[in-house]
Amino acid sequence: MLAAVLGLVAWGRLPDLWVAGPAAVLVVVTGLVGIDEVGDTIDRLAPTLAFLAAVFVLAEVARDAGLFTAAGAWMGARASSSRRLVLAVSAVAIVVTVLMSLDATAVLFTPVVVQLVQARRTRSDPPLLATAQLANASSSLLPVSNLTNLLVFSATGLTFGGFAVRMALPTVAAAAVVVGTAVRSDGDDRPARSDPAAEAVRFDAFAWFVMAALAALLVAFFVGSALGVQPAWIALVGAAVVGGVAVTKRRARPTGLLTAAAPQFLLFVVALAVVVDAAVGHGLGDAARDVLPTGDGLLALLAMTGLAALLANLVNNVPATLVLSSVVPAGSTGLLLAMLLGVNVGPNLTYTGSLATLLWRRVVRAAGIEPSRRAFFRFGAVATPVALVLATVMLWLTLRVTG
């Protein structure tokens, strides 16, 4: 059932909820998962889903404020060659992923890159592949950067700042490998004329307000976590304030913000989690537990990263996270963080490894400039193993210092 759901989601011809919803109902009706277990799953996921909805709203308001358009103008004005364009795209993709999640990079930032490469008539593969790969590779820094992080954050026992400190060097290492691969793949560093008009982009008062609000929220996440306040509450308050101002200023409509919260996607995550619970309870959990590494040494962390990456590419990173987090012993912070590296960076090997990659592919395919499969798989095959190993080594070194 899980394989069928993931296969149909990867196929992309049916809405994700229409696939996962009936499957979840079926596993409940057949008794594979009890109603009480469904309730427990919803309770467990509720803070994560609330946080995710708030981040989606904030990202939509940022787009309405023109921040993504301004990012495109900034990249166009400063990219005097094709390689400089790759570097500029990479820098913005990392910032968007870290602060607004990899889904914002896939859905909101990718169209900006598409327009940029089309207007400049430059090679589209390096910047577009860098966008997709960095959406995954740079999504480990903060709990807000990836749904997988949110699903595991509380189990790590870390504060928001503690999580960021331990994942900083691994994220830098993984992102550096991807950027370096993208730059090297652009063998023809042709000069390109910058767009002077792009320099004229100016932020209005609302755009400055949105940027200040995002900065304040980031600080609040660190402070609130240290005080025991769940990030979900902070994000919901921030989204309510920013969204309210956007509606008052007529920069957004209430229905638009409700759509931006992606209720169908959130229901899809719940339905998928129910199907995963059925699989975990009937063999998949035991199989994962049998091969789970133990300890916090370098070899154990590398084994955990490899296992998570393999499972993410087989069943997608969200189910992989749900499966592995259910069998990793409580308090195993090192293994949990290594697992996140595997499910965040590892999916760059395939289209179906990450939901963000599937979303990115739909955007570039609709624009008619999707990189070839050969280019995608070659990029992933070169960058991903190196990124996984280097990031895990950096995590091991960091844990040696921080504990």
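The values are calculated or read from the model by the stated rules, or taken from the named source; none is laboratory data. Worth saying up front: this structure is predicted, and the values here are computed from it rather than measured. Methodologically, a virtual Cβ is constructed for each residue, glycine included, from the backbone with ideal geometry; neighbour enumeration extends over all protein chains shown.
General remarks:
- Residue under evaluation W233, criteria (1) in a helix (DSSP H, G or I); (2) hydrophobic (A, V, I, L, M, F, W, C); (3) touching a residue at least 24 places away in the same chain (Cβ under 8 Å), criterion not met: (3)
- Any hit, region 66-82, residues being farther than 28 Å from A164 by Cα, modelled with pLDDT of 90 or more, buried (at least 21 other Cβ atoms within 10 Å of the Cβ) and out of contact with any strand residue (DSSP E or B) (no Cβ under 7 Å at 6 or more places or on another chain): no
- Only one of the numbered conditions (1) touching a helix residue (DSSP H, G or I) at 6+ places or on another chain (Cβ under 8 Å); (2) free of Cβ contacts under 8 Å to residues at least 24 places away in the same chain is not met by G368, and that is (1).
- Which listed residue is under 21 Å from A59 (Cβ atoms) and either in contact with an Asp or Glu (Cβ under 9 Å, 6 or more places away or on another chain) or in a loop (DSSP other than H, G, I, E, B) (or both), from L158, L151, L141: L141
- Residue count for region 30-63, restricted to those that are within 18 Å of A279 (Cα to Cα) and either modelled with pLDDT of 90 or more or among the aliphatic types (A, V, I, L, M) (or both): 14
- For region 143-199, residues that are within 25 Å of G72 (Cβ to Cβ), polar (S, T, N, Q) and modelled with pLDDT of 90 or more total 4.
- Residue in region 206-229 that is in a helix (DSSP H, G or I), surrounded by fewer than 14 Cβ atoms within 10 Å (Cβ to Cβ) and under 20 Å from the mean Cα position of the chain (by Cα) present: yes
- Count of region 2-24 residues which are farther than 20 Å from Y351 by Cα and either in contact with a strand residue (DSSP E or B) (Cβ under 9 Å, 6 or more places away or on another chain) or in contact (Cβ under 8 Å) with a residue 12 or more places away in the chain (or both): 3
- Given (1) touching a strand residue (DSSP E or B) at 6+ places or on another chain (Cβ under 6 Å); (2) within 19 Å of V345 (Cα to Cα), index of the condition V98 fails: (1)
- Looking across region 77-131, the residues that are touching a Lys or Arg at 6+ places or on another chain (Cβ under 8 Å) and under 28 Å from L217 (Cβ atoms) come down to R78, A88, L108.
- The single residue among L52, L45, L67, L6 that is of a type outside the set (S, T, N, Q) and over 23 Å from A132 (Cα atoms) turns out to be L45.
- Apart from one condition, V327 fits all of (1) within 28 Å of G161 (Cβ to Cβ); (2) in a helix (DSSP H, G or I); (3) in contact with a Gly (Cβ under 9 Å, 6 or more places away or on another chain); the exception is (2).
- Residue check, A246 at pLDDT 95 or above, over 21 Å from L102 (Cβ atoms) and surrounded by fewer than 18 Cβ atoms within 10 Å (Cβ to Cβ): no
- Selection count, region 321-373, where residues are at pLDDT 90 or above, more than 20 Å from the chain's Cα centre (by Cα) and among the polar types (S, T, N, Q): 3
- Considering residues of region 112-169 that are buried (at least 22 other Cβ atoms within 10 Å of the Cβ) and small (G, A, S) only, the residue nearest to L399 (Cα to Cα): S140
- Note on region 280-318: among residues that are among the β-branched types (V, I, T) and part of a helix (DSSP H, G or I), the one that is nearest to L337 (Cα to Cα) is T305.
- In region 26-43, residue nearest to L99 (Cα to Cα) [restricted to those that are part of a helix (DSSP H, G or I) and free of Cβ contacts under 8 Å to residues at least 40 places away in the same chain]: D43
- Cβ pairs under 6 Å, 6+ apart, first in region 332-351 and over 10 Å from L301 (Cβ atoms), second part of a helix (DSSP H, G or I) and of a type in the set (D, E): none
- Qualifying residue in region 381-402 (condition: surrounded by fewer than 23 Cβ atoms within 10 Å (Cβ to Cβ) and among the polar types (S, T, N, Q)): yes
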